[in-house]
Amino acid sequence: MRPEAPELVTVDDPRQAGLLLHPLRSRLLALAREPASSSELARRLGLPRQRVNYHVRALEPAGRQRKRNMIEQRYVATARSFVLSPVVLGPVGADWRDIADPASADYLLALTEQVRGDVARVREEAAADGKRVSTLSLKSQFRFETPGQREEFARAVREAIVGVIARHTSPNRLDNGRPGRGRPFRLVLACYPAPAERPAEETPRGRGR
């Protein structure tokens, strides 16, 4: 029996990323979250099977099934979903250290690229040892009615975070400059204006935020 496909796979090879971004290849991967034959995929896409056969190489074999007097090979996507690693862009990728304004959207976007790269890397290292990565994620949505309210919130959050770090963690660096004890962790806290909501059919897979 074929093991269940992983929920998410990080693509860090530029060639694989290019193949993944091919419009037909990405549609095939979306349709093949459950095993399907090339003829089934071609019918759903409304394309000739010969054209689809060329692209099913992006999928994994998922057994065979008998259909009338024929045996059809079935295929399935290698993961439920994919993300492109920041390393795909190489030297032109975003680096938060190159952006002067830490309150800018550019800085936040570049910083999130570091988060994505870090998490993908430690997850890969942990998987090689048969372990899982310990992480913490918080997500919330709220509203500010005035700039003053937003400023008070930012000040309170900074004070709370500094206090929590002081009380519940060990120094990353000792006074002599050497690394502290324990494993280092990174904390990134982001707050930004929510974009205007789009109709459900326009969001990925038809899901709202």
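The values are calculated or read from the model by the stated rules, or taken from the named source; none is laboratory data. Everything quoted here is computed from the prediction, not taken from an experiment. For neighbour counting, all protein chains shown are included, and Cβ atoms are generated from backbone atoms with ideal geometry for every residue, glycine included. For the accessible areas, the whole protein counts, side chains as well, though only heavy atoms, and no ligand, DNA or RNA atoms are used. Shrake-Rupley method; radii C 1.70, N 1.55, O 1.52, S 1.80 Å.
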Evaluate the following for GLY148: is it of a type outside the set (Lys, Arg) and either in a loop (DSSP other than H, G, I, E, B) or exposed (fewer than 10 other Cβ atoms within 10 Å of the Cβ) (or both)?
yes
Given the residues ARG173, ARG178, ARG186, which is the only one that is within 21 Å of THR10 (Cβ to Cβ), of a type in the set (D, E, K, R) and open to solvent by 80 Å² or more (accessible area, probe 1.4 Å)?
ARG186
Could you go through the range 120-128 and let me know if any residue there is loosely packed, with under 10 Cβ neighbours inside 10 Å and either free of Cβ contacts under 8 Å to residues at least 60 places away in the same chain or touching a helix residue (DSSP H, G or I) at 6+ places or on another chain (Cβ under 9 Å) (or both).
yes
Within the range 107-165, how many residues are closer than 30 Å to PRO91 by Cα and not hydrophobic (A, V, I, L, M, F, W, C)?
16
Please pick out the residue among VAL133, VAL87 that is open to solvent by 60 Å² or more (accessible area, probe 1.4 Å) and at pLDDT below 95.
VAL87
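Okay, residues lined up against (1) open to solvent by 80 Å² or more (accessible area, probe 1.4 Å); (2) modelled with pLDDT under 90; (3) charged (D, E, K, R); (4) over 29 Å from ARG123 (Cβ atoms):
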site	(1), (2), (3), (4)
PRO6	no, yes, no, no
ASP13	no, no, yes, no
SER38	no, yes, no, yes
VAL52	no, yes, no, yes
SER81	no, no, no, no
Right, ALA103: open to solvent by less than 50 Å² (accessible area, probe 1.4 Å) and under 19 Å from LEU187 (Cβ atoms) or not?
no
Across (1) surrounded by 12 or more Cβ atoms within 10 Å (Cβ to Cβ); (2) modelled with pLDDT under 85, ARG43 clears everything bar (2)
Single residue of LEU21, LEU111, LEU31 found to be within 19 Å of the chain's Cα centre (by Cα) and either without any contact (Cβ under 8 Å) to a residue 60 or more places away in the chain or loosely packed, with under 15 Cβ neighbours inside 10 Å (or both)
LEU21
